[in-house]
Amino acid sequence: MKRNLLYYFIGTFLLASCQQEETPSTSGEGYLSLTGIEIQNQAVTEVKSRAVDESLVVELYKGEELKSTLTAEELENTIKLEAATDYSLKVYSENYGSDAEWTNDEKGEPIYYKEQPFEVKGGEITPVKVQVPMVNFAVKLSMPASLDWISDYTFTVASGERKVTLQDDEIAYFPYSESASFSYTLQLTNTDNEEFTLSGEYGADENKSLAFNTCYVVTYQMATQSLSVANR
């Protein structure tokens, strides 16, 4: 009987030891190591190194509490943190939120934002890589290289309350929402002083819904004298 009890206690001890080895430590201190920040923009894609671009703000949160705004120098090294499961990094461009103030005379610019949750385990280094997308969308005009029969043209693109005029190869940026769409109009005047108007809309059709982090190119097709829209 005593031998059976001894085996029972030994088995219980071994089982507890195995469970402790399998369960990550959530006490003590661990480390955050930022392995990279990637800026993702469909119009211009570039990858940033571990040295954070100064135009990006990097905030460290624990739950809803802002712990600190991290500098590029701090992110070059590991950061000691209390072990916990509810950490996050918020990475955004300095112009985040400025799109609400853009006027018809402004073409806007890319805006970036990403919230990246992570966990810090006691005694361990947690590598974190943040991919930061452009959270607005863009519209670009593409005209043919040869416009011999056109004496003048005006192209406007509108989304929400804002309407922007573009020349060939120019880009306008607009705030994104799930219900967002844009309309566009090209007014042409030929060498005989005759006027033509082409227009369309993109995003209102559920089969052609808009996406953030995307540039939509509106192209004038000379052969068919029509407009087409493609995203990239």
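The values are calculated or read from the model by the stated rules, or taken from the named source; none is laboratory data. The structure presented is a predicted model; accordingly, all values stated were derived computationally and were not measured. Positions of Cβ are generated from backbone atoms using ideal geometry, with glycine treated the same way; all protein chains shown enter the neighbour counts. Keep in mind that these areas ignore ligands, DNA and RNA; they rest on the heavy atoms of the full protein, side chains included. Shrake-Rupley method; radii C 1.70, N 1.55, O 1.52, S 1.80 Å.
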Number of the exception - residue 144 against (1) in contact with a strand residue (DSSP E or B) (Cβ under 6 Å, 6 or more places away or on another chain); (2) surrounded by fewer than 18 Cβ atoms within 10 Å (Cβ to Cβ): (1)
Residue in segment 147-162 that is least open to solvent (accessible area, probe 1.4 Å), counting only those that are in a strand (DSSP E or B) and either touching a Ser or Thr at 6+ places or on another chain (Cβ under 6 Å) or not β-branched (Val, Ile, Thr) (or both): 155
Some residue of segment 73-90 being under 21 Å from residue 183 (Cα atoms) and either of a type outside the set (A, V, I, L, M) or in a loop (DSSP other than H, G, I, E, B) (or both): no
Of the criteria (1) touching a residue at least 40 places away in the same chain (Cβ under 8 Å); (2) farther than 30 Å from residue 202 by Cβ; (3) in a strand (DSSP E or B), which one residue 139 fails: (2)
Selection count, segment 163-181, where residues are open to solvent by 20 Å² or more (accessible area, probe 1.4 Å) and either among the aromatic types (Phe, Trp, Tyr) or part of a strand (DSSP E or B) (or both): 5
Failed condition for residue 125, given (1) at pLDDT 95 or above; (2) surrounded by 16 or more Cβ atoms within 10 Å (Cβ to Cβ): (2)
Scope segment 80-94; condition more than 14 Å from the chain's Cα centre (by Cα), of a type in the set (Ser, Thr, Tyr) and either under 30 Å from residue 161 (Cα atoms) or open to solvent by less than 30 Å² (accessible area, probe 1.4 Å) (or both); matching residues: 87, 88
Test result for residue 77, over 27 Å from residue 171 (Cβ atoms), open to solvent by 40 Å² or more (accessible area, probe 1.4 Å), at pLDDT 50 or above and within 27 Å of the chain's Cα centre (by Cα): yes
Residue list for segment 95-122, filter: crowded, with 18+ Cβ neighbours inside 10 Å and among the β-branched types (Val, Ile, Thr): 111, 120
Residue match in segment 182-199 (condition: farther than 30 Å from residue 84 by Cα, of a type in the set (Gly, Ala, Ser), over 22 Å from the mean Cα position of the chain (by Cα) and assigned to a loop (DSSP other than H, G, I, E, B)): no
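With respect to residue 230, determine if the residue is within 27 Å of residue 92 (Cα to Cα) and open to solvent by less than 60 Å² (accessible area, probe 1.4 Å).
no
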